[in-house]
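Asker: I have a structure I would like to understand better, so I am pasting it below and will then ask my questions one at a time.
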Amino acid sequence: MELKILKKQINVEDYINLREIVGWGSPDDKEAIELGLKNTLYSICIEHEEKTIGYGRVVGDGGFTFYIQDIIVLPSYQRIGLGSKIMTELMEHITRTYPAGSLVGLMSAKGKEEFYKRFGFIERPNESYGAGMIQFIKKQ
């Protein structure tokens, strides 16, 4: 199987498609998605036969605080190391580009914590840190 690992931004349609296929859903506002993707600091796409099958990105302030977002691999391509390839490239980019002491966060999908531990991430809460938290904005 010939795969292409590309340092490029994903298009909105492919992004929505990936999220829908893995059951994550996505915001309804395509303009918001487009703006968010445009403001991504660094991203990786994996393609097979011109189809995007994997994606991951780094968002953040561009100085010392970063967040790994959207590590997605289509189910039919999972368990062959593509998520690891994406994470390795993203973490290598952060390490080579930004200063020591920078903070990198992420929210793991349920049951995927061990995957991220392999890249040096720690679970919260623990004896030093409280729980990570999240909120989805709702409009009245």
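The values are calculated or read from the model by the stated rules, or taken from the named source; none is laboratory data. Everything numeric here is computed off the predicted structure, so don't read it as measured data. Neighbour counts are summed over all protein chains in view; Cβ atoms, including those assigned to glycine, are modelled from backbone coordinates with ideal geometry. Accessible surface areas use protein heavy atoms only, side chains included; no ligands, DNA or RNA. Shrake-Rupley method; radii C 1.70, N 1.55, O 1.52, S 1.80 Å.
Asker: So, for the chain, what is the accessible surface per residue at a probe of 1.4 Å, expressed in square angstrom?
Answerer: 67
Asker: Further, regarding this structure: So which residue, out of Gly105, Gly83, Gly36, gets the largest mean-square fluctuation from a GNM of the chain using Cα contacts under 10 Å as springs?
Answerer: Fluctuation is largest for Gly36.
Asker: For segment 69-140, what Kirkwood radius comes out of the mean inverse Cα-Cα distance, in Å? Mind showing how you got there, number by number?
Answerer: Values: mean 1/r = 0.0695 Å⁻¹.
Averaging 1/r across every pair of different Cα atoms and inverting gives 14.4 Å.
Asker: Continuing with the same structure: Over segment 20-103, with every protein chain in place, what whole percent of the accessible area is carbon and sulfur at 1.4 Å, could you tell me? Walk me through the numbers before you get to the answer.
Answerer: Details: 2350 of 4570 Å².
Carbon-and-sulfur percentage of accessible area, whole number: 51.
Asker: Stokes-Einstein D for segment 1-96 at 10 °C, 1.306 mPa s, Kirkwood Rh over Cα pairs, in µm²/s?
Answerer: My calculation gives 116 µm²/s for D.
Asker: Another question, then. Pairs of alpha-carbon atoms within less than 8 angstrom and 6+ residues apart define the contacts here; what relative contact order does the chain have, in percent?
Answerer: Once normalised by length, the contact order is 19 percent.
Asker: May I pose another question? If you filter segment 1-40 for GluC sites (Glu not before Pro), then keep DSSP loop positions with at most 11 other Cβ within 10 Å, what is left? Intermediate values should be presented prior to the final figure.
Answerer: On the way: sites: Glu2, Glu13, Glu20, Glu31, Glu34; in loops: Glu2.
Counting only loop positions with at most 11 other Cβ atoms within 10 Å, the GluC sites (Glu not before Pro) in segment 1-40 are Glu2.
Asker: Is it possible to state the helix-based mean residue ellipticity at 222 nm for the chain, with each DSSP H run of 4+ residues giving -39500 (n - 2.57), the sum divided by total residues, to the nearest 500 deg cm²/dmol? What is it? If you can, show how the numbers build up before the last one.
Answerer: Numbers: 4 runs with 40 residues, N = 140.
So the calculated ellipticity at 222 nm is -8500 deg cm²/dmol.
Asker: Also, quick follow-up: How far apart, in nm, are two points set 7 Å out from the Cα along the Cα-to-Cβ line at Ala100 and at Glu114?
Answerer: Label at Ala100, label at Glu114, 3.3 nm between them.
Asker: Could you calculate the contour length gain from Glu20 to Arg124, that is, 0.36 nm times the residue separation minus the distance between their Cα atoms, to one decimal place in nm? Please report the intermediate quantities before stating the final value.
Answerer: Numbers: separation 104, 0.36 × 104 = 37.44 nm, distance 2.74 nm.
Between Glu20 and Arg124, full extension yields 34.7 nm more.
Asker: In nm, what is the difference between 0.36 nm times the number of residues separating Lys138 and Lys30 and their Cα-Cα distance?
Answerer: 37.3 nm
Asker: In a Gaussian network model over the chain where Cα atoms closer than 10 Å are linked, find which of Pro75, Pro125, Pro99 has the largest mean-square fluctuation.
Answerer: Pro125
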